[in-house]
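The values are calculated or read from the model by the stated rules, or taken from the named source; none is laboratory data. Remember, predicted model here, so these are calculated numbers, not experimental data. No Cβ is skipped: glycine too gets one built from the backbone with ideal geometry, and neighbour counts run over all protein chains shown.
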Amino acid sequence: MEEERKVEAAKAKPNQREGSIGKYQPLRVSRIFSFDNLKFFFVIHNPIPSKKKKKKKKKSFVDLRPDSDFLETKMSAADIGGILDNSKELERLRKEQAGVLMEINRMHKKLQSSPELVERPGDTSLSRLKYLYSHAKKLSESEVTISDALLSQLDTLMPSGPSRRKPDGTDPKRKRGKVDTEITRVSASVRNQLENCASLVGEQVAARVTPDDAEKDIWFVVKVIHFDRENKEFEVLDEEPGDEEDGSSQRKYRLPISHIKPFPKRNEPSSASNFSPRTQVLAVYPGTTALYKATVVKKKKNEDYLLEFDDDDEEDGTLPQRMVPFYRVVSLPEGHRQ
């Protein structure tokens with residue numbers, strides 16, 4: 001009889017599994033995700049049902065625990081959803097950027113193989129290319145905004161106490177990964193700038209051919225013959241150098257990106273800047289291939305400009321007004337010396 005009472009008493013006790021923690025079942029991993037080499041997993045604690053008097057149910061909670069420091073930070077469902085939504089949006093933006101970049105490259109190849117297309121009536125190649133670059137710029141700005149939001153969300157989850165890493169922060173694997181990322185990941189804005197520069201090959205541009213320490217800035221109309229992506233330099237050709245002491249008919253220059261200003265498209269007036277009267281600009285002096293500082297008098301209906309060039313005084317001291325096509329006028333560079 002004694003043995004039977006012990007068996008009955010054992011059956012009446014709540015079933016408590018081996019390895020359980022207090023009144024909680026063993027930890028169960030619900031979901032894993034990672035961001036910037038930092039892995040997180042969600043752990044759900046569920047109370048073990050009890051046959052005792054019913055008490056107020058304890059709400060399950062979520063622990064966000066990095067696998068390195070095993071934090072015990074409580075998060076709301078809204079926090080988790082926000083991080084996951086931003087991660088998905090970031091991935092979508094990057095895929096869309098890749099598609100836009102592929103289309104830009106196709107347009108470049110098309111125009112390089114058949115440049116006469118842009119002169120055909122009704123051709124919209126240049127307008128399409130302009131739209132693609134504008135769209136790529138917006139996508140890049142959106143990527144920066146979403147990335148900043150993700151970083152802010154993750155910063156709120158990081159521990160505020162002392163770090164367990166070495167004081168100097170040297171983690172060989174993490175340092176190597178960071179260097180690899182910095183080398184391989186080029187921002188969309190930089191890619192767009194390089195694509196813009198590469199598209200100028202074969203075009204005439206305004207170029208400053210004097211070094212930065214020169215007393216005066218000298219600008220000529222030159223033709224781009226090559227763009228070096230690695231060194232970010234243009235190789236340009238001065239097709240009409242004028243009277244040269246060495247007697248050469250043409251001269252080449254290697255110039256940085258800051259020394260080049262593209263001209264507006266001749267057959268696309270909408271691509272030109274709209275300079276208002278009294279605005280100072282850089283323009284090609286009529287009958288030459290040199291650019292000088294000038295002041296806008298007014299803009300004609302045909303989009304050309306009526307300009308007054310500096311140091312162009314007549315014998316009576318007046319400045320003559322000269323007509324210059326809109327596709328030979330660019331904005332005045334900051335700090336221009338003449």
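The rows are residues; the columns are (1) out of contact with any helix residue (DSSP H, G or I) (no Cβ under 7 Å at 6 or more places or on another chain); (2) under 17 Å from residue 284 (Cα atoms); (3) assigned by TED's automatic domain parsing to the domain that holds residue 254; (4) not small (Gly, Ala, Ser).
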{"position": "209", "(1), (2), (3), (4)": "yes, yes, yes, yes"}
{"position": "214", "(1), (2), (3), (4)": "yes, no, yes, no"}
{"position": "218", "(1), (2), (3), (4)": "yes, yes, yes, yes"}
{"position": "222", "(1), (2), (3), (4)": "yes, yes, yes, yes"}
{"position": "225", "(1), (2), (3), (4)": "yes, no, yes, yes"}
{"position": "229", "(1), (2), (3), (4)": "no, no, yes, yes"}
{"position": "241", "(1), (2), (3), (4)": "yes, yes, yes, yes"}
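Please go through the stretch 233-250 and pick out each residue that is modelled with pLDDT under 90 and not small (Gly, Ala, Ser). I'd like the intermediate steps shown before the answer.
Here is the first cut: in the stretch 233-250, the ones modelled with pLDDT under 90 are 239-250.
Within the stretch 233-250, 239, 240, 241, 243, 244, 245, 246, 250 meet the criteria.
I'm trying to understand the selection: among the residues of the stretch 278-293, which are over 34 Å from the mean Cα position of the chain (by Cα) and closer than 26 Å to residue 241 by Cα?
As a first pass, look at the stretch 278-293 and keep what is over 34 Å from the mean Cα position of the chain (by Cα): 278, 285-290.
Answer for the stretch 278-293, where residues must be over 34 Å from the mean Cα position of the chain (by Cα) and closer than 26 Å to residue 241 by Cα: 285, 286, 287, 288, 289, 290.
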> Being more than 27 Å from the chain's Cα centre (by Cα) and among the polar types (S, T, N, Q), is that true of even one residue in the stretch 227-246?
Replying inline: no
>> Cβ-Cβ under 9 Å, sequence separation 6+ or interchain: first residue in the stretch 102-124 and free of Cβ contacts under 8 Å to residues at least 12 places away in the same chain and of a type outside the set (A, V, I, L, M, F, W, C), partner assigned to a loop (DSSP other than H, G, I, E, B) and exposed (fewer than 14 other Cβ atoms within 10 Å of the Cβ). Which pairs?
In response: 123/267
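Residue-wise test of (1) at pLDDT below 80; (2) assigned to a loop (DSSP other than H, G, I, E, B); (3) touching a helix residue (DSSP H, G or I) at 6+ places or on another chain (Cβ under 9 Å).
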| site | (1), (2), (3) |
| --- | --- |
| 78 | yes, no, no |
| 82 | yes, no, yes |
| 86 | no, no, yes |
| 96 | no, no, yes |
| 105 | no, no, yes |
| 108 | no, no, yes |
>> Can you list residue pairs whose Cβ atoms sit under 9 Å apart, with the first residue in the stretch 188-205 being farther than 29 Å from residue 93 by Cβ and the second being part of a helix (DSSP H, G or I)? Count only pairs 6 or more apart in sequence or on different chains.
In response: 201/112; 202/112; 202/115
